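A.B. asks: First, the structure itself, so that you have it in front of you.
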Amino acid sequence: MRTPWIVGVSGASGTPYARAVLTGLLDAQQPVDLIVSRAARLTILDETGLSFRDAHWAEDLSEWLGREPTEVRYWSAGDLAAGPASGSYPAQGMVVVPASTAAVAGIALGLSKDLLQRAADVTLKERRPLILCVRETPFNLIHLRNMTQITEAGGTIYPVIPTFYNLPSSVDQVYEEFTARLLGFLGLPQTDYYTYSGDETPAHRDRVES
Ligand SMILES: Cc1cc2nc3c(=O)[nH]c(=O)nc-3n(C[C@H](O)[C@H](O)[C@H](O)COP(=O)(O)O)c2cc1C
């Protein structure tokens, strides 16, 4: 089995981004270790109507993603003895999407208050890529200092900020472009639909023409 990416879903708004990134990683044949924070259950419920349950994660995840989660290994956020809590557990790196400012604070301080934060701490200590897709606005000085601290420790702040130069006509296109850019950032193959070639992107050309 290939080495997995750890995906953490924390309790910020933006769970459709989590769905899109999980789908993108699975489409790219990347195994995923998934951690959903307790607060993320509230945002998933709010934004999708789905009650995400630890005990029924496979059923709930397949409903959320609309596919069988065959390459997903799920870990309860309260399970601090889980694989991703150890640096010896193999992982390519970790993406937190969306990342709450609370998760950012916990990671910046090395709190490890749950498995999501502990896995992020391990990712940094093992010098693996840690990408935090932060969602909040506006930022206060505490958020900014915590994001600086994580950047200095080797992490990447990768906010869920949409672009508009590719003329999205639906929010799904916004999630799709974000995911394509993120997969490219992780070094994974991605569609060239959003790749700028010095002139324009195929997405822009298509949407101007339609
Ligand atoms: C519906 C809802 C939306 C929220 N949106 C955000 C958000 O966009 N950004 C954020 O940083 N926190 C947001 N929060 C607050 C976090 O859920 C809260 O700080 C929580 O403690 C995060 O915990 P976690 O990092 O362990 O998931 C939201 C909470 C709820 C219930």
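Each value in this text was obtained by applying a stated rule to the coordinates, not by laboratory testing. Because the structure is predicted, anything quoted here is derived from the model rather than measured.
A.B. asks: Helix 15-27: angle to the longest alpha-carbon principal axis of the chain, degrees 0 to 90, nearest 10?
C.D. replies: With rounding to tens, the tilt is 80 degrees.
A.B. asks: Taking 8 Å as the Cα distance limit and 6 or more residues as the minimum spacing, I'd like the relative contact order of segment 5-161 as a percentage.
C.D. replies: 26
A.B. asks: For the chain, set up a GNM with springs between Cα atoms under 10 Å and report which of E47, E176, E200 has the largest fluctuation.
C.D. replies: E200
A.B. asks: With a 10 Å cut-off between alpha carbons and a GNM built on the chain, which of F164, F52, F178 moves the most?
C.D. replies: F164
A.B. asks: Over all directions, how big on average is the projection of the convex hull of the alpha-carbon atoms in segment 5-161, in square nanometres? Each step should come with its number before you reach the end.
C.D. replies: Details: hull surface 33.2 nm².
Mean projected area for segment 5-161: 8.3 nm², to one decimal.
A.B. asks: Using alpha carbons only, how many angstrom separate the centre of segment 74-95 from the centre of segment 33-73?
C.D. replies: 17
A.B. asks: Please quote Rg/Rh for segment 117-210 to two decimal places, taking the Kirkwood radius as Rh and restricting both calculations to Cα atoms.
C.D. replies: 1.05
A.B. asks: Let me ask something additional. Top mean-square fluctuation among R41, R135, R145, Gaussian network model of the chain, C-alpha springs under 10 Å?
C.D. replies: R145
A.B. asks: While we're on this one: How much mean residue ellipticity at 222 nm does the chain get from its helices, if each DSSP H run of length 4 or more adds -39500 (n - 2.57) and you divide by all residues, to the nearest 500 deg cm²/dmol?
C.D. replies: -12500 deg cm²/dmol
A.B. asks: Ok, one more. Relative to the longest principal axis of the C-alpha atoms of the chain, give the angle of the C-alpha long axis of helix 38-48, reported between 0 and 90° and rounded to the nearest 10°.
C.D. replies: So the helix axis and the longest Cα principal axis differ by about 30 degrees.
A.B. asks: Going by alpha carbons, how many degrees (0 to 90, nearest 10) lie between the helix axis of 115-125 and the longest principal axis of the chain?
C.D. replies: The helix 115-125 is inclined about 80 degrees to the chain.
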